[in-house]
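Notes for the one structure printed next.
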Amino acid sequence: MRLPIVQFPDIVVNNLSHFAPVFTTEEQKKHFCEYVTGLIVGDKATIVAINALFLNKNDQSSLNKFITQASWDEDSLNRLRVELELSRLYRRPISEEAGRLILDDTLAHHTHCSMDALAYLLDHSIGRNVWAHDVVTSYYVNRQNQFPINLRLYLQFNQKYEKRLRERMAQAWIEQPSLATNRQYLATLISQHYRQKTYRSKTVLGAELVEEAIAWDIPFSVVLFDSWFLRWPLVKAIQAVGKDWIGACPQDRLVLVEGEWMQLQAFIKTIPDEAYRPYRIGSHLFWVFTKVLPMKNLQRQRVRLVASYEDQVQRAKTPDFYATNRQDWEAKRILTTYLDRWPTETFNEDVKGNLGFEDYQLRRWQAIKRHWYLSFVAYSLLSDQGPPGRSRWAVRGQFQSTGQRCRAVANELLGYLVHWITRQFEEGSSPDYILQQLLA
């Protein structure tokens, strides 16, 4: 049974003044508190479900207009959130050398509908295509401190599919020439031309996020990313701002070995078992081979490559490959640093599983973006429950996970409801009246 919310939680109220400059009216501030609170404690992150959580609620159209039509700048909201996180980060001395900027992308799944930019994308975790938004994110980790920075929406442009569509539309016009088929064909050409001109790859989006982190004075020394991002536009952008990088490496990348270009998966087969060295990282044992070689898709830049097996060398399997511009780093340091990428995986699970990141039912892009940024705000505000500066995944205090933090907020709101009921009795309200108010 749903218990109505009679008061906003402390973490929202105490931080409202920091975000207030984004909003122009008291009503917008109220809706901000409602939406963030609903993301934290609600079962669903739709506007109707969030609005239904509150006692003496308005019609859901007011909250809907706040997300879809109201005049406030969602980019400024996210910038203020990052500034709040940085103020927490600098509560005690931190090292820029320990800072990692992590680039990743995640799918926000949906059923097929008329949402802006929804695409039919391959979900590697389940091995099939799904309808989703592909969100490229930047995430910051500095030892036990961590928080999301920003995001970009990846808009797919499949050259082969678009070519087949053009040919199909052209054939339809030839077979049945009419004003309607001609208009449809021309509309297809114009749409494809516009999307092709505005298309940006994930690596270009990642490069933008790196440059933005520099502009926002995020203290980091290394950029970490998975194999999808290991391409020259991103590597060039990272090195242009004087930062290092480590990325997972696809096994089909070409490297120059004794004057011949070879795929990594072919080259590694020429390496004997004796060339691998054991490294223990935590409770795991890795067998590692490393070598500096030029890589063709990185403009023949020489990079240090690492091939790694866990537990034992298994020649029947292809090892995991990693690459970095730091030719002077030993293999253990490369692997240990790359493992700092893991928090972005738990972040994706947290915002999807606990904070409604992919539960929206919004059609227009601006409203969807606002929902994502408000989900980021909810994630950041939950860190106020733990000791200052401690991370959400390594904290050893009262709360061990984002889910526990959400439940703690729900318990706080239950306490407010009990106090409200007590006050109603003290003011002479009858049980029937109180029940009517709660069930309204």
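Every number here is computed from the coordinates shown, using simple stated rules; none is lab data. Keep in mind the model is a prediction, meaning the values are calculated, not measured. Here the Cβ is made from the backbone with ideal geometry for all residues, glycine too, and neighbour counts use every protein chain on show.
Results, tabulated for the structure shown:
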item	result
Sorted by Cβ density within 10 Å, fewest first, the residues Ile47, Ile40, Ile94	Ile94, Ile47, Ile40
Positive-end residue of Leu339, Trp365, Tyr140, charge dipole of the chain with Cβ unit charges	Leu339
Pairs from Lys236/Lys369; Lys163/Lys296; Lys44/Lys369; Lys243/Lys269; Lys44/Lys202 whose Cα-Cα separation, in the structure shown, is over 24 Å	Lys236/Lys369; Lys163/Lys296; Lys243/Lys269; Lys44/Lys202
Computed [θ] at 222 nm, deg cm²/dmol, the chain (DSSP H ≥ 4; -39,500 (n - 2.57); rounded to nearest 500)	-13500 deg cm²/dmol
Sites Arg88 and Glu260 - FRET efficiency at Förster radius 51 Å, r taken between beta-carbons, to 0.05	0.45
Separation of the Arg168 and Val241 label points, Cα + 7 Å toward Cβ, nm	4.1 nm
Relative contact order computed over the chain (Cα-Cα under 8 Å; 6+ residues apart), in percent	19 percent
Segment Ser201-Leu285, length gained on full extension (0.36 nm per residue, minus Cα span)	26.6 nm
Beta bridge orientation in the stretch 1-159: antiparallel %, DSSP, nearest 5	95 percent
HN-Hα J in Hz across the stretch 299-314 - Karplus 6.51, -1.76, 1.60, θ = phi - 60°, x for Gly and Pro	6, 6, 5, 7, 10, 8, 9, 10, 10, 9, 10, 9, 6, 7, 6, 10
16 Å Cα-Cα reach of Lys30 towards lysines, excluding residues that sit fewer than 8 places from it in its own chain	Lys57, Lys65
Estimated inter-spin distance, Ile126 and Gln184, nm [label 7 Å along Cα→Cβ]	3.1 nm
Anchor Lys317: aspartates and glutamates whose Cα lies under 18 Å away (excluding residues fewer than 8 positions away in-chain)	Asp252, Asp273, Glu274
Electrostatic dipole magnitude of the chain [Cβ: Lys, Arg +1; Asp, Glu -1; Cα centre; debye, to 20]	1120 debye
With at most 13 neighbouring Cβ atoms within 10 Å, loop GluC sites (Glu not before Pro) (DSSP) excluded, longest segment of the chain	1-257
Signed unit charges on C-beta, dipole axis of the chain, positive-most listed residue Asn129, Asn411, Tyr276	Tyr276
Square roots of five times the Cα gyration tensor eigenvalues for the chain, Å	44, 32, 19
The chain: antiparallel DSSP beta bridges as a percent of all, rounded to 5	85 percent
Where Rh is the Kirkwood radius over Cα pairs, Rg/Rh for the stretch 222-343	0.94
In the stretch 291-323, the trypsin sites (Lys or Arg not before Pro) that fall in loop regions by DSSP, at most 16 other Cβ within 10 Å	Arg300, Arg315, Lys317
